[in-house]
1. Quick one: how many residues across segment 103-150 are open to solvent by 20 Å² or more (accessible area, probe 1.4 Å) and touching an Asp or Glu at 6+ places or on another chain (Cβ under 6 Å)?
2. Just for segment 14-37: of the residues that are among the acidic types (Asp, Glu) and either under 24 Å from residue 56 (Cα atoms) or at pLDDT below 95 (or both), which one is surrounded by the fewest Cβ atoms within 10 Å (Cβ to Cβ)?
3. Please state which one of 75, 71 is touching a Leu at 6+ places or on another chain (Cβ under 6 Å), of a type in the set (Gly, Ala, Ser) and buried (at least 17 other Cβ atoms within 10 Å of the Cβ).
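The values are calculated or read from the model by the stated rules, or taken from the named source; none is laboratory data. The structure presented is a predicted model; accordingly, all values stated were derived computationally and were not measured. FYI the Cβ positions are ideal-geometry reconstructions off the backbone, even for glycines, and counts take in every protein chain you see. Keep in mind that these areas ignore ligands, DNA and RNA; they rest on the heavy atoms of the full protein, side chains included. Shrake-Rupley method; radii C 1.70, N 1.55, O 1.52, S 1.80 Å.
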Amino acid sequence: MNISIVCVGKLKEKYLKEAIADYGTRLTHYCRFEIIEVSDEKAPDNLGTAGEKQVKDKEGQSILKHVKEDAYLIALSPGGRMESSEQFSQRIAALGVRGQSNVVFAIGGSLGLSDEVLRRSNHTLSFSPMTFPHGLFRVILVEQIYRAFKIERNETYHK
């Protein structure tokens, strides 16, 4: 299985990069894994609705350039479905059984994902109604992907 995370913005904090690298190394035993960072657009506070849409649309186009036609796209959005770690694991496992070998997770910028990305997505997932810093959320997502494989294989990690 190939798993990609396409996210808006560059990660700057060394400790977050190290955490993601650690989980990324662990994931090599289960799948091919990569993180693709696309540029974030400038979004001043007084942008307005039309300006916000324009920013999200441009970021969305950048995300979709990295989503192959046959990829199963999971959009991360506060409006998505919340799942337990076990349910998430079952979803990932079911994709593999169905032959969906390319799974892409999309994380939007500070304004969220564009309507185009949400329409293209096969599933919309929410981890919480809370707001997380983007870098920290990437760590949480990578850890949950790793946990999903551990749960599926009934390996000790998830308790």
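1. 1
2. Restricting attention to segment 14-37, the residues satisfying the condition of being among the acidic types (Asp, Glu) are 18, 22, 34, 37.
Applying the additional criterion that residues be either under 24 Å from residue 56 (Cα atoms) or at pLDDT below 95 (or both) yields 34, 37.
Values: 34: 13, 37: 16.
In this case the residue turns out to be 34.
3. Numbers: 71 fails: touching a Leu at 6+ places or on another chain (Cβ under 6 Å).
From the options 75, 71, the qualifying one is 75.
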